[in-house]
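S.K.: I am attaching a structure below and will ask some questions about it afterwards.
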Amino acid sequence: MPSWNAAIPIGPISPTMPEILIGPTLEQTAAALASWDSGILALAPASANPHQFHEAIASAQAQGLPDEACAIMPTSGSSGNGKLVVLPRSALTYSATATNATLGGPGNWAACLPTHHIAGFQTLARPALTGHRVLNAGRGTPEEIAALASRLPQGERTYLSLVPTQLARLLESAHAGSARAFSAILVGGASTPRHTLDKGRAAGLNLVTTYGMTETCGGCAYNGIPIGDTQMSTELGGRVIISGSVVAHGYLGHTPFAGTYTTNDAGTFTGGKLQITGRLDRAITSGGLTVLPEPIERVLEDVGAGESVVVGIPDTQWGERIVAVTSFKLEAPKQRLKPLLEALPHEFLTPSDLGLTSLPYLESGKPDRVRVSKLVAQHG
C-alpha cells in the first residue's frame, strides 16, 4: 500500500490536548497533511467549540479508537444533525488509490471546497499520497477556475472537484470552455440536474458524477459504478448499503461500522449502475402517501425553476404540506408535476417570498434544507 508523504510526524494526541484545526485554510490543512504520520488529525468548522471538540475526542479515545492514525471530521449536516466521523488513514489511502485508478492515474488537484469537509479534504489528501501538487482555485468561481486553467502545468494530469451549484455557475458564465483543461471534473455533494451534466459534456468537459459521504471517505461510486472493492446493495425500501475498504471506522464515541455502512439514501441499480432516488430521512408523508423530495426537485430544475428545495411542513389535514422553494418563479409548473404529486396539495415559493435573495447554502455547498424548512414554516 502506498505511503503518505510524511515530514515531521504529529505524535498521538493526549486526552487533554488533541491536535485540532478549527476553520482551517487550504494552507493549514496541506501543512498538517504533509506532517501527518501518526496520531489524530481533527478538522472542524470555524463555528465549532474547541473545548467541546477536545472533550469529545478525549472521551472517545478513552473508549477506544483505531490503533492507526486517523482523521476526524464532521458530516455536512445537510439534514440538520451533523456527526463526527473517524476515518482511518488506511481507508483514506485506499479511497485515494481507487480514485486514481478510476480516473486514469494520479495527478494534481485543484482545491476550492472547505477542507474540513470530506470533499475538500480529499482534494488535498489525494495529491499528498502521490507526491503531486495542490493548486488553489479559491472559492471555485468561474473567474478563479478560468484563471487557474490558464496556467495549468502542461503534460500533467490535473483534477477539479465541484459541487453542482459551482458547476452550474461555471456553465452559465463565459468561462465554461476553459475547464476543458482539467483531466476530469468531479461533481458531487448533491444531486446534479441532468440538463447541467448534458450542457457541461456538450461543452467538452469530462464530468464525473460522484456518490458518497464522509462515512465512505467521500465519493465511492463514480458515474454510478463503485470504485475499488466497494460493494453496494439495497434492502427493502431501496435503502443503499455500502461495504468495503472505504468505509469509515464509525461515528466518534459510537459503535464501529465494522466495514459496512447503512445509508439514509434510497436507490436502484440499472445495468450495474447506481441511481440515487432520494434521501429516506427527507421523505414527506402527505395524505397517507410517502413522497421523496428529490424527484420533484429534478423535474422543477428541468422545467426552468433553477435549483429547488422541496420540504414538508406540518399540516393538520394532510399530515405534511408539500412546499417547493424554487430559484425562479414559474407560471404554471403544476401540470408537469402532477404525475409525481397526484392530488396532493402543494405550493410554490421563491427565496424572495422568504426574505432571501437566493437559496441558503451550507459550508459544504449543499442547500441548507433545515433553514429553508424553518423559513417556510414561519411563512405559513
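S.K.: Residue 151: net charge of surrounding residues, Cβ under 13 Å, Lys/Arg +1, Asp/Glu -1, itself excluded?
M.R.: -1
S.K.: Please compute the length gained on full extension between residue 283 and residue 169, using 0.36 nm multiplied by the number of residues separating them and subtracting their Cα-Cα distance.
M.R.: Result for the pair: 38.2 nm of gain on full extension.
S.K.: Sticking with this structure for a sec: Students often forget the sequence filter, so: which aspartates and glutamates lie under 19 Å Cα-Cα from residue 83 once same-chain residues fewer than 8 apart are removed?
M.R.: Correct list for residue 83: 19, 55, 215, 265, 281, 363, 368.
S.K.: Just the ratio, please: alpha-carbon radius of gyration of the chain over 2.2 N^0.38 Å, N its number of residues.
M.R.: 1.00
S.K.: Taking N as the number of residues in segment 179-331, what is its Cα Rg relative to 2.2 N^0.38 Å? Walk me through the intermediate numbers first.
M.R.: Working: Rg = 17.5 Å, N = 153, 2.2 N^0.38 = 14.9 Å.
Compared with the compact-globule rule of thumb, segment 179-331 sits at 1.18.
S.K.: Given a 1.4 Å probe and every protein chain left where it sits, what share in percent of the accessible area of segment 189-281 is carbon and sulfur?
M.R.: 51 percent
S.K.: On to the next question. Any idea what % of Cα-Cα pairs in segment 49-129 are farther than 19 Å?
M.R.: 47 percent
S.K.: May I pose another question? Please give the solvent-accessible surface of residue 232 in Å², to the nearest 10, using a probe radius of 1.4 Å with every protein chain present.
M.R.: Only protein atoms counted, so the area is about 30 Å².
S.K.: Another one. Probe 1.4 Å, all protein chains in place: accessible area of residue 225 in Å², nearest 10?
M.R.: Estimated to the nearest 10 Å², residue 225 gives 90 Å².
S.K.: With every protein chain kept in place and ligands, DNA and RNA left out, what is the accessible area per residue of the chain? Probe 1.4 Å, answer in Å².
M.R.: It amounts to 44 Å² per residue over the chain.
S.K.: Classify segment 237-286 from the C-alpha gyration tensor, please: rounded if a/c falls under 1.5, else prolate or oblate depending on whether a/b exceeds b/c.
M.R.: Judged from the Cα gyration tensor, segment 237-286 comes out oblate (a/c at least 1.5, b/c at or above a/b).
S.K.: Arranged from highest to lowest average of other beta-carbon atoms within 10 Å per residue, in what order do the peptides 256-266, 64-74, 350-360 appear? Please report the intermediate quantities before stating the final value.
M.R.: On the way: 256-266: 16.3, 64-74: 18.2, 350-360: 14.5.
Listed from highest to lowest mean packing, they are 64-74, 256-266, 350-360.
S.K.: Moving on to the next point. What aspartates and glutamates sit close enough to residue 329 to cross-link, taking a C-alpha to C-alpha distance under 12 Å and skipping anything fewer than 8 places away on the same chain?
M.R.: In chain and number order, the partners are 301, 307, 347, 353.
S.K.: Right, here's the next one. Could you give the length gained by full extension between residue 270 and residue 151, i.e. 0.36 nm per residue of separation minus their alpha carbon distance, to one decimal place?
M.R.: Full extension from residue 270 to residue 151 adds 38.8 nm.
S.K.: For segment 59-194, just say rounded, prolate or oblate: build the C-alpha gyration tensor, square-root its eigenvalues into a ≥ b ≥ c, call rounded for a/c under 1.5, and beyond that prolate if a/b exceeds b/c, oblate if not.
M.R.: Numbers: a/c = 2.50, a/b = 1.53, b/c = 1.63.
Since a/c reaches 1.5 but b/c is at least a/b, the shape of segment 59-194 is classed as oblate.
S.K.: Further, regarding this structure: For a protection proxy built on the mean count of beta-carbon atoms within 10 angstrom, sort 301-308, 107-114, 363-370, 285-292 highest first, please.
M.R.: 107-114, 363-370, 301-308, 285-292
The values are calculated or read from the model by the stated rules, or taken from the named source; none is laboratory data. What you are looking at is a predicted structure, and each value in this text was computed from that prediction instead of being measured. FYI the Cβ positions are ideal-geometry reconstructions off the backbone, even for glycines, and counts take in every protein chain you see. Keep in mind that these areas ignore ligands, DNA and RNA; they rest on the heavy atoms of the full protein, side chains included. Shrake-Rupley method; radii C 1.70, N 1.55, O 1.52, S 1.80 Å.
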